[in-house]
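The values are calculated or read from the model by the stated rules, or taken from the named source; none is laboratory data. Computed from a prediction, not measured in an experiment: that's the story for all the values here. As a convention, Cβ positions derive from the backbone with ideal geometry for all residues, glycine included, and neighbour counts pool all protein chains shown. The protein model used for the area step is the full one, side chains on, heavy atoms only, and it has no ligands, DNA or RNA in it. Shrake-Rupley method; radii C 1.70, N 1.55, O 1.52, S 1.80 Å.
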Amino acid sequence: MFIVCTKKMIASICYFCMLILVSGVLYWSTQVPVSACPAEQFCVVLDAGHGGIDGGSQGKTGVFERDINLQITNKLEKLLKSLNIIVVQTRTTKEGLYGVFASGFKMKDMQARKKIIEKANPDLVVSIHMNYFSDSSVCGAQVFFKPNDKTSKDLALNMQNLFQKNLKNAKKSPKEGDFYILTCSKSPGILIECGYLSNAEEEALLLSADYQDKVAYQIFCGIACYFNLKNQPKIG
Ligand SMILES: [Zn+2]
């Protein structure tokens, strides 16, 4: 018995090949090429949480944290670069890092972030998020630090202090955070919940460019201070 290849069959095979090819290119294009950071300069991996189909939490206005995370991360990147700090971003577009959407995409996305962090081997990982809670009165920025890591905890304490002084409603204390993005590498790290999208007042603040600038600046000050305290001649 032999199979007769009809034009229709060939067309569908070609279509299938095209799909694989496009999927491959899409997957490849979402992977940020990263090399190890130079030893003589401080290096930070900035991680804008979520992305693509994964919008994260959503405010009443319809905004997703995915987008505010990226806006604040981009502002922070500019500030850090002004101090000659090397910045590696896990994502620079609204897309996630999972490539083609399929089941298990969240795991793929997180593993891609881990790969970027491991390759960069940074002095610090900073992940940016927005919070959400069923009680809409709850608000305030809060820093979470890598579990059982004194360096991360010290940074978080200092940064939370800055938040308290300079950001409306900020929480009093930082918290230990058992998040994959913090535990997936040996680098110290913090995850910052910049505020609650479930709180209308804070959502409005987080949507404004001025407040985003303010948040980015406080995070920047915390990081700059942290590197300064390490007393290494990396900041020129
Ligand atoms: Zn989040």
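Here is the figure for the stretch 185-232: residues that are of a type outside the set (Lys, Arg) and more than 21 Å from MET130 (Cβ to Cβ) total 11.
Table: residues versus (1) among the hydrophobic types (A, V, I, L, M, F, W, C); (2) away from the ligand (no atom under 16 Å from the Cβ); (3) at pLDDT 95 or above.
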residue: SER12; (1), (2), (3): no, yes, no
residue: MET18; (1), (2), (3): yes, yes, no
residue: GLN41; (1), (2), (3): no, yes, no
residue: VAL44; (1), (2), (3): yes, yes, yes
residue: HIS50; (1), (2), (3): no, no, yes
residue: VAL63; (1), (2), (3): yes, no, yes
residue: ASN69; (1), (2), (3): no, no, yes
residue: TYR98; (1), (2), (3): no, no, no
residue: ALA102; (1), (2), (3): yes, yes, no
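Only residues that are open to solvent by less than 10 Å² (accessible area, probe 1.4 Å) and in contact with a His (Cβ under 9 Å, 6 or more places away or on another chain) were counted in the stretch 173-197, giving 3. Among the residues of the stretch 128-148, the ones that are within 11 Å of the ligand (Cβ to nearest atom) and polar (S, T, N, Q) come to 1 in all. Within the stretch 84-94, the set of residues being open to solvent by 50 Å² or more (accessible area, probe 1.4 Å), over 11 Å from the mean Cα position of the chain (by Cα) and more than 16 Å from the ligand (Cβ to nearest atom) comprises ASN84, THR93. The listed residues are ALA204, ALA170, ALA209, ALA156, and the only one of them that is open to solvent by 10 Å² or more (accessible area, probe 1.4 Å), of a type in the set (A, V, I, L, M) and closer than 28 Å to MET110 by Cβ turns out to be ALA170. From SER134, SER103, SER152, grab the single residue that is under 24 Å from GLU203 (Cβ atoms) and among the hydroxyl-bearing types (Ser, Thr, Tyr). Going through SER134, SER103, SER152 in turn, just one is under 24 Å from GLU203 (Cβ atoms) and among the hydroxyl-bearing types (Ser, Thr, Tyr): SER134.
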